[in-house]
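Novice: Below is the structure I would like to discuss, written out as structure tokens.
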Amino acid sequence: FPVTILPVNNFAIEASFGIFYMNEDKYYFGVSIPQFLSTRVSVVRQDNSVIYSALMDNSRFFFAVAGLYIPVNFLGWTDETSFVDASTWIRYLPGQLPQVDTNIRYQMNQIFWLGTGFSTNKIGHAEVGFLFSNTNQWKIAVGYDFSFLSQIARLGNSLEVSIILSLEN
């Protein structure tokens, strides 16, 4: 049977709101609301006849993050640039229980970092990263997420590799 492919246009406007504060390598906190608007999405033919139109009721997620930097000199092997970063991240969707992630990361001498975390949705996290050059402009990181629930574990784990170039001095 023949398949007809219609040329369509799809346009949606969205906005996000957030604010973040960091106190000079001591602590940080922030809040954000992605998908701030409820948007009408329409699929339209080239002759401007509407094929589909719906109000996308984006249930607003609320995010909050907070963290604390703790200077560490581990048995004299490290210097003043070594620290532990303890943080928590909260996501709230109206009508559901809040999801809370806690993480702890240790960074040594601006050379590497190692971290781990856990979420109330029974997902664990492990990460390692390396900083290159005297100015730490280049960073390479690997993160791995895994589930402790067999229902979610069937979906698979995730591996994320990041290569970061920071142009800030």
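Every number here is computed from the coordinates shown, using simple stated rules; none is lab data. Fair warning: this is a prediction, and the values are worked out from it, not measured in the lab. Neighbour counts run over all protein chains shown; Cβ positions are idealised from the backbone, glycine included.
Novice: Roughly how many nanometres apart are two label points built 7 Å out from the Cα toward the Cβ at Asp47 and Ala64?
Specialist: Roughly 5.5 nm, to one decimal.
Novice: What is the log10 of I(q)/I(0) for segment 61-120, computed with the Debye formula using one identical point scatterer on each Cα and no solvent, at q = 0.24, 0.27 Å⁻¹?
Specialist: -0.91, -1.04
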